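In what follows, a structure is listed as structure tokens, so that the remarks can point back to it.
The values are calculated or read from the model by the stated rules, or taken from the named source; none is laboratory data. This one's a predicted model, so the numbers in the text were calculated from it and none came from an experiment. Glycine gets a Cβ as well: all are built from the backbone with ideal geometry, and neighbour counts include every protein chain shown.
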Amino acid sequence: MPARYPIRRPALDPLELPTQTGSFYPKPLDQVVNGRLKRRVGHALGLTDLGVSITVLMAGASTALRHYHTGNDEFVYVIDGEVSFISNRGEQVLSTGMCAGFPKGKKDGHHFVNKGDRPVQILEASTNTLPDSVVYPDNKLFLTLDAKRNATFINKPIKAAATNASKSRKKKRGKSGHRRTADRHGSGGRGGHVGARAHARSDQARRHH
């Protein structure tokens with residue numbers, strides 16, 4: 001094991017950071033990340049335009065539901081172990097030193113799953129551009145992130161949801177004679193939203209992931 005020397009900021013030892021578990025996915029979809037341990041390195045270093053995490057996947061854990069982003073690039077590097085990488089092109093195994101990248105807007109749903117019996121350690125990085133939207137093709141689920149990092153899950157295409165919201169606002173203005181602020185978090189309504197208002201930091205949501 002390599003020697004570990006005393007360091008000071010802006011350097012840090014990721015092992016000294018607390019781990020984060022769980023997810024803000026609607027139940028029962030949140031179970032897919034059981035056994036995922038994240039250390040938010042970028043946040044600890046004060047980075048605002050780049051999200052960086054060191055993530056450990058225990059046996060059976062996934063990085064996220066299979067997804068892609070419309071507004072942010074993503075990059076994953078395997079630090080130690082072997083992990084199943086699943087995308088639109090199928091499944092392949094990445095081992096220590098291998099990596100994968102995902103340009104924003106490319107409709108290639110992806111995630112990483114530990115199908116082995118020992119922990120896997122990976123580095124996850126992404127840009128932190130807001131607003132953003134995330135598509136989960138296997139679950140017919142969509143996530144919108146506004147400029148204030150408020151996250152909303154919906155179960156209809158994001159473009160259709162935006163169009164319907166715009167029509168609703170115009171209709172309300174016509175009836176009342178003045179502009180009304182639409183409920184951007186979509187409480188209630190018919191079939192559009194699958195969860196209540198959710199708050200998430202942009203780099204956490206993108207893992208989200």
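Of all residues being outside any strand (DSSP E or B) and crowded, with 17+ Cβ neighbours inside 10 Å in the range 74-113, which is farthest from the chain's Cα centre (by Cα)? Just the residue, please. Even if it seems obvious, please write down each step before you answer.
Initially, the range 74-113 is screened for residues outside any strand (DSSP E or B), giving 81, 88-89, 96-98, 103-109.
Filter once more, so that each one left must be crowded, with 17+ Cβ neighbours inside 10 Å: 81, 109.
Numbers: G81: 22, G109: 12 Å.
Looking at residues that are outside any strand (DSSP E or B) and crowded, with 17+ Cβ neighbours inside 10 Å, I get G81.
Scanning the range 1-58 for residues that are in a loop (DSSP other than H, G, I, E, B) and basic (K, R), which turns out farthest from L145 (Cα to Cα)?
Step one: filter the range 1-58 for residues in a loop (DSSP other than H, G, I, E, B), giving 1-13, 17-19, 21-28, 34-35, 40, 45-49, 58.
From the residues that got through so far, the ones that are basic (K, R) too are 4, 8-9, 27, 40.
Numbers: R4: 39, R8: 34, R9: 31, K27: 19, R40: 19 Å.
It comes out as R4.
Anything in the range 136-152 that is basic (K, R) and either loosely packed, with under 14 Cβ neighbours inside 10 Å or at pLDDT 95 or above (or both)? List them, or say none. Before the answer, list the steps.
Just the residues of the range 136-152 that are basic (K, R), to begin with: 140, 148-149.
Correct list: K140, K148.
Mind listing whichever residues of the range 27-39 are farther than 14 Å from V113 by Cβ, surrounded by 16 or more Cβ atoms within 10 Å (Cβ to Cβ) and over 13 Å from the mean Cα position of the chain (by Cα)? It would help to see each step written out before you state the result.
Here is the first cut: in the range 27-39, the ones farther than 14 Å from V113 by Cβ are 27-30, 37-39.
Filter once more, keeping what is surrounded by 16 or more Cβ atoms within 10 Å (Cβ to Cβ): 29, 37-39.
Selection gives L29, L37, R39.
Taking the range 103-125 as the region of interest, how many residues are in contact with a Phe, Trp or Tyr (Cβ under 7 Å, 6 or more places away or on another chain) and closer than 24 Å to A44 by Cβ? Give the derivation first.
Within the range 103-125, the subset in contact with a Phe, Trp or Tyr (Cβ under 7 Å, 6 or more places away or on another chain) is 106-110, 112, 122-123, 125.
Those still in the list that are closer than 24 Å to A44 by Cβ too: 112, 122-123, 125.
Total satisfying the criteria: 4.
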Residues that are crowded, with 17+ Cβ neighbours inside 10 Å and hydrophobic (A, V, I, L, M, F, W, C), drawn from the range 114-135: V120, I122, A125, V134, V135
Among V76, V113, V120, the single one that is farther than 21 Å from L17 by Cβ, in contact with a strand residue (DSSP E or B) (Cβ under 6 Å, 6 or more places away or on another chain) and among the β-branched types (V, I, T) is V113
The range 153-184 - residue that is of a type outside the set (D, E, K, R) and either in contact with a Cys (Cβ under 9 Å, 6 or more places away or on another chain) or assigned to a loop (DSSP other than H, G, I, E, B) (or both) and, of those, modelled with the highest pLDDT: N155
Given the structure, is L47 among the hydrophobic types (A, V, I, L, M, F, W, C), surrounded by fewer than 18 Cβ atoms within 10 Å (Cβ to Cβ) and either over 19 Å from T96 (Cβ atoms) or touching a helix residue (DSSP H, G or I) at 6+ places or on another chain (Cβ under 8 Å) (or both)? yes
